[in-house]
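What follows is a short report on a single structure.
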Amino acid sequence: MPKARLRNKTFRKVRVKVPTGVTTHYKRRTPAKAKCAKCGKALLAVPNKIPSKMQNMPKTAKRPERPYGGNLCSKCMRIVIKEGIRK
């Protein structure tokens, strides 16, 4: 029986070959990809790491360097900027 903290869907079971035979390791699942706030498409250049790994990454690696970076996809960003100019 695994430890109580490993008995949930947060961890996935991975069968690993070790010199003594085959054992089960528990790996943390990765979060879902970031989605565009407008169209729901998966954002590019935004990593999907667990929060403890994201803390150690520089700010520029967490989201793209453009307006609405990490919030809107590039297509929706262009539309929003064009709408702002028209008004």
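Tabulated data
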item	result
Cα-based shape type of segment 1-52, given that a ≥ b ≥ c are square roots of the gyration tensor eigenvalues and the cut on a/c is 1.5	prolate
log₁₀ of I(q)/I(0) at q = 0.23 Å⁻¹ - segment 4-87, Debye sum with one point per alpha carbon	-1.07
Cross-link table K35/K62; K41/K62; K3/K35, entries beyond 25 Å C-alpha to C-alpha	K3/K35
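Each value in this text was obtained by applying a stated rule to the coordinates, not by laboratory testing. These figures come from a predicted structure and were not determined experimentally.
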